[in-house]
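Have a look at the structure below before the remarks.
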Amino acid sequence: RREPLGPGRLEQALCQASDVDAQMLQLVGLLELSEDERRVRHLLVTLFQEVFTEFFPGESPLPASRSRHVPRATRPRCAIMPFGSSVNGFDTRGCDLDLLLDLEPTKSLQASTQDAPGAGSGSGAEDSILSDIDLAAMPAPEVLELVATVLRRCVPGVRRVRAVPTARRPVVKFCHKQSGLAGDISIDNRLALLNTRFLQLCTEADERVRPLVYAVRLWAKQQGNPSGGGPLLNNYALTLLVLFFLQTRSPPVLPTVARLRDLAGDEDRAVVAGWDCSFPRDVASLEPSTNTESSLLSEFFHVFGDFDFPGQVISLREGQALPLPPPTAPETSDGLKLGPLNLQDPFELNHNVAANVNEKTASRFGRCCRDAAKYCRSLQYRHKSSKGRAWGLTRLFQPGAVEPGPGGRGPWFWEVCTAIAFILRDVLKCSCAAGKPPRAPSKESKLPVDSAPSEELPTESDVEEPSAAEPLSVGSKRHLPEATNGTTLPAEKRPRTNSPEEAATWSCAVWHRVWTGRRRVRRQLQHGDGPEGPDGDSLELEQKVSEAIVQQEGTEQPLQPLLRFEASARAAGTRREMRVLLRLVPSPVPPSPLFRDFFHFLQSFLPATVRRRLGQEPAGCP
Ligand code: ATP
Ligand code: MG
């Protein structure tokens, strides 16, 4: 059984790789599903198939005596098929299970039995809930409710079933208790099956595709959007951007979709909902690429950092950025909804996959790419740290860590900052995005978040109420590893005391009351879970405590965060002992009572967990 990937383990493993290419490969190995996890998904799909076949039969009305001799698997029946990340080659531990329920065989069965004399008898549908339902005539939301009902009542272990009829592609959402998987079932969405197979084909065509997509997906996830907590773009859109980038290298790494259509054989021809989805199903039909480039990740950031997103249409079919059609041209009225980021679906050509991306997110995406490209040019990206510090991909995946800053900040400052971001985001489940420095407010809260030993931590009375201007101190340099090793940073690398530029900033949103009842949940997790419970890594335990609290609050992501604040960290103190002070500025001011509660909780929680994250304190309950 594979070790769980607790907080910090990914970074630790990546730091030990020899170079960035090795880190990229290792990333895939660490994140992808294990054989056991794949088997669980397969079993779940089989279970769903069994249940749905009972309720949505598709066999032709054979007499019972003959029906027995036809193997069940070869009879036409409704089908439940996985698509998306479980099967497209970009699977990650715990990724959702996207399923397609194909009801066409059942609809055909119903049509044939309705037309036949003595309609209804012998079809196998008469004892099912379909006996007085005409699926083909049923409005889509009712079909979804029907599927939701079957899931709720008949699939063991399925919980939190909810139909979402208003989505562009309506789905039924569910969770499966024993496997812990969450998933969506969509109905009759065959385009999804084909675009999944297309992504899979691209992973088979060139071995650089998977590492690059994994790295870009994780990077984007870590640039969490402050208002929604989600990634910059969804994973499908990000993957298409990477594939487009690979089509446009010189020479190309991947063929265009138009070229794939030319290479398709007769057995590969498919038209779905009027769209030509023909491409070879077998990778052996593709011409191998002559491109031998490495460092594709930094090139990706470089290309999209300078890309004119609103002024062009990204076309995977042509493998080119096309000029926008003039407003009166027929293509626009054909339906491609133009916006700040125009990414045409490879098959459904009138669909802009990034249609829901607003201007702010599109320009943030460009900015994040530029920051990442800049970081990729640095020595810290290209060379392994001899002192065991974060380097290469590791820093790229830490929010705020690649933000370009003034030269005065030393690496220890960034280590404390990335630890703060990690605790806020990964342990306390806040949205936390690198942001602009907050304007000097009159009402603010400051937390000493340094890694000083406990006797030097500020006492309750050192930290003033959130309405006062007193920072929270979270770390001190002399207790960081290099100090304990007896080495000191060169003077020019030391942060200057109280310099206003020495600040890292984040825009944060708190979505759950993760500070309430932690002790009780922690006790339950430590004593109640047996061998599956969290191991001795106390940060992993803290992460699980937050997850349990979030779960207790319900599955729905709240529409609004409970709290918003800007956080800025800066270095302060003397040359002998530098500290990191974290200032919280609530929005709006004056702070709500809830913000005060959160602030008081952070006063003790954050310094302790930051020290633990930096490896300065043994694991254990705070
Ligand atoms: P994960 O679920 O881990 O985020 P994924 O690879 O499953 O990653 P999703 O974004 O969930 O990616 O997309 C799964 C499938 O859903 C895609 O293959 C595609 O068929 C469909 N899909 C998702 N987003 C869009 C979109 N914006 N436009 C069209 N189809 C989409
Ligand atoms: Mg998915």
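The values are calculated or read from the model by the stated rules, or taken from the named source; none is laboratory data. Everything numeric in this text was worked out from a predicted model, so none of it was measured. Note that we place each Cβ from the backbone using ideal geometry, even for glycine, and neighbour counts take in every protein chain shown. What goes into the accessible areas is simple: the full protein's heavy atoms, side chains included, and nothing from ligands, DNA or RNA. Shrake-Rupley method; radii C 1.70, N 1.55, O 1.52, S 1.80 Å.
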### Message
Residue pairs, Cβ under 7 Å, 6 or more apart or interchain, first in the range 172-197 and within 13 Å of ligand 2 (Cβ to nearest atom), second assigned to a strand (DSSP E or B) and of a type in the set (K, R). List them.
### Response
K173/R162; D184/K173
## Note on the structure
Among V216, V303, the single one that is open to solvent by 40 Å² or more (accessible area, probe 1.4 Å), of a type in the set (A, V, I, L, M) and under 16 Å from R367 (Cα atoms) is V303
### Message
Report every pair of residues separated by at least 6 positions or lying on different chains whose Cβ atoms are under 8 Å apart, first residue within the range 286-308 and β-branched (V, I, T), second assigned to a loop (DSSP other than H, G, I, E, B).
### Response
T290/P251; V303/T248
#### Entry: Selection from the range 82-114 of residues that are open to solvent by 20 Å² or more (accessible area, probe 1.4 Å), at pLDDT 95 or above and more than 12 Å from ligand 2 (Cβ to nearest atom)
none
### Message
Just checking, does the range 246-258 include any residue being among the β-branched types (V, I, T), away from ligand 2 (no atom under 15 Å from the Cβ) and in contact with a Ser or Thr (Cβ under 8 Å, 6 or more places away or on another chain)?
### Response
yes
### Message
Checking the structure you have, find out if any residue of the range 226-245 is modelled with pLDDT of 95 or more, closer than 15 Å to S285 by Cβ and buried (at least 20 other Cβ atoms within 10 Å of the Cβ).
### Response
no
### Query
So which residues in the range 295-319 are out of contact with any helix residue (DSSP H, G or I) (no Cβ under 6 Å at 6 or more places or on another chain) and of a type in the set (S, T, Y), if there are any at all?
S295, S315
### Task
Consider only pairs whose beta carbons are under 7 Å apart and that are at least six residues apart or on different chains; among these, list those whose first residue lies in the range 235-249 and is not assigned by TED's automatic domain parsing to the domain that holds R317 and whose second residue is buried (at least 23 other Cβ atoms within 10 Å of the Cβ) and of a type in the set (A, V, I, L, M, F, W, C).
none
### Task
Pairs only if they're at least six apart or on different chains, beta carbon under 8 angstrom, first in the range 98-115 and closer than 25 Å to N195 by Cβ, second part of a helix (DSSP H, G or I) and of a type in the set (S, T, N, Q); list them, first residue then second.
D98/S85; D98/S86
### Query
Does any residue of the range 309-319 turn out to be charged (D, E, K, R), under 18 Å from T203 (Cα atoms) and either part of a helix (DSSP H, G or I) or open to solvent by 40 Å² or more (accessible area, probe 1.4 Å) (or both)?
no
